[in-house]
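In what follows, a single structure is set out as structure tokens and then discussed.
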Amino acid sequence: LTQRNLQLATLTGRSDIVYPDRRGTILQENLRIAEFLSRMGAQSLILETGSREILESIRDDFRVAAETLNELGKRCGEYDLYFCIQPRLGDRIQNEDEIDRILNLVNTNDVALCLDVGQLYRSEQDPVRIAKVYGSCIRHLHCRDVPHPPLPGEESRAFVRDFCPPGQGVADFPGLADVVQSLNDIQWI
């Protein structure tokens, strides 16, 4: 990285955050990543939130998830890192209702949001709306796009699995840029 004048910004961990008996392992694995990121001068640790399986109830599962996320976020702060959750299609947190639910349960001083434009479109969510509503919680932005669905008569492709360069798909990057510019009190990484 040094030879190419590059700096590592982040790495992504993955954990099934609703299993209370796995909390110790989740913390250990992700704090090992946090320690590495800190040594490399990175700015954040991003976490994919794992399986959508319901263990007890949605309410209980989100309570357990929030406890784990709060602890991990607090500990990442000790490494001078932002800790961000990343909503993704097929994960515990994938849509706006779940983003809202978890952000109302965690300490948003310790737990932030990674806005992944492509993943939100794959989950049929509106990244521009989410940025407007939760802008103060966003600390990391992934700018990737998803292709337009095939037109009738065109060869079908796996639309939801593909990503494409920003601006070549369906994402409203001009709208997102307007929202980001209006959030000038946010430190973006």
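Couple of notes before you dig in:
- Residues in the stretch 76-111 that are assigned to a strand (DSSP E or B) and of a type outside the set (Val, Ile, Thr): TYR82, PHE83, CYS84, GLN86, ASP91.
- Positions within the stretch 115-153 being part of a strand (DSSP E or B) and either touching a Pro at 6+ places or on another chain (Cβ under 8 Å) or aliphatic (A, V, I, L, M) (or both), in sequence order: LEU115, ASP116, ILE138, LEU141, ASP145
- Odd one out for LEU55 among (1) surrounded by 17 or more Cβ atoms within 10 Å (Cβ to Cβ); (2) out of contact with any Cys (no Cβ under 6 Å at 6 or more places or on another chain); (3) of a type in the set (A, V, I, L, M, F, W, C): (1)
- Top-ranked residue of the stretch 58-109 - restricted to ones that are aromatic (Phe, Trp, Tyr) and within 15 Å of the chain's Cα centre (by Cα), ranked as most open to solvent (accessible area, probe 1.4 Å): TYR82
- Among the residues listed as THR25, THR12, the single one being of a type in the set (S, T, N, Q) and outside any helix (DSSP H, G or I): THR12
The values are calculated or read from the model by the stated rules, or taken from the named source; none is laboratory data. None of the values given here were measured: they were computed from a predicted structure. No Cβ is skipped: glycine too gets one built from the backbone with ideal geometry, and neighbour counts run over all protein chains shown. Only protein heavy atoms, including side chains, enter the accessible area calculation; ligands, DNA and RNA are left aside. Shrake-Rupley method; radii C 1.70, N 1.55, O 1.52, S 1.80 Å.
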